[in-house]
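Below you'll find the structure, written out as structure tokens, and then a few comments.
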Amino acid sequence: AASEVDDHGGSNVITGDFSRPARLTDGDVLIPQYDVRASMGHGQVPADYVDFVRNVVVSGPQLERLGLEYTSPANLSIITGWGQSMEGTINDKDPVIVDRGVTEFAGDGVYVLTWAGDLYIKRLQKADADRFDMISDNEKHKDRTVPVEDVTIHAKVLLVWNAKKL
């Protein structure tokens, strides 16, 4: 960036070129945004909407310092949570970072899953050998116990990107 002063004693003008794409340096991880909206309520199929966060470049070492365990940097993606059933943990339209390498139940946690033909973000726990408890963190929403064979796990939610207007 360069600074210029005009000949009439006017203010400084700072110019910059912001048109270049972000450059990855050694240790950076590019996390792409997927055009998927996962419901945290009644379940939804993808639809037209505007994402707040798109592709993100993060520091790989910082991800490790946060204690995030993931299968591979190539499996990390951003999707958008939609609805109120996970409110308090994941709020409506919050971007979430997911690990698409987790496609089977890997212990209690929050997952991106399909059940009854719709895509959800829900907390899953094993109810017994044949059923999952599909839990909404918002106590105003009903939890469900569903057959394991009726659930397809697409990813595990690792991080929620909450924003708060000040």
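The values are calculated or read from the model by the stated rules, or taken from the named source; none is laboratory data. Since we're looking at a predicted model, the values are computed, not measured. Glycine gets a Cβ as well: all are built from the backbone with ideal geometry, and neighbour counts include every protein chain shown. Remember, those area values only see protein heavy atoms, side chains included, never the ligands or the DNA or RNA. Shrake-Rupley method; radii C 1.70, N 1.55, O 1.52, S 1.80 Å.
Between the beta carbons of V56 and Q125, assuming R0 = 25 Å, the FRET efficiency works out to 0.25 to the nearest 0.05.
Sequentially through segment 146-152, phi angles give Karplus couplings (6.51, -1.76, 1.60; θ = phi - 60°) of 10, x, 3, 5, 8, 10, 10 Hz, Gly and Pro residues having no value and appearing as x. With the simple spin-label model, which puts each label point 7 Å out from Cα in the Cβ direction, the T71 to E139 separation comes to 3.6 nm. Are any of the pairs K142/K165; K93/K140; K93/K156 more than 26 Å apart by Cα-Cα distance, and if so, which? Distance filter (> 26 Å) returns K142/K165.
Amide H contacts for A155 (H built 1.01 Å from N in the peptide plane; partners 5 or more residues away or on another chain; cut-off under 5 Å): V112. Here's how it looks for T145: its modeled amide H is under 5 Å from those of M134, which are all 5 or more places away or on a different chain. The candidates F105, F132, arranged from most to least accessible area with a 1.4 Å probe in the full protein assembly, appear as F105, F132.
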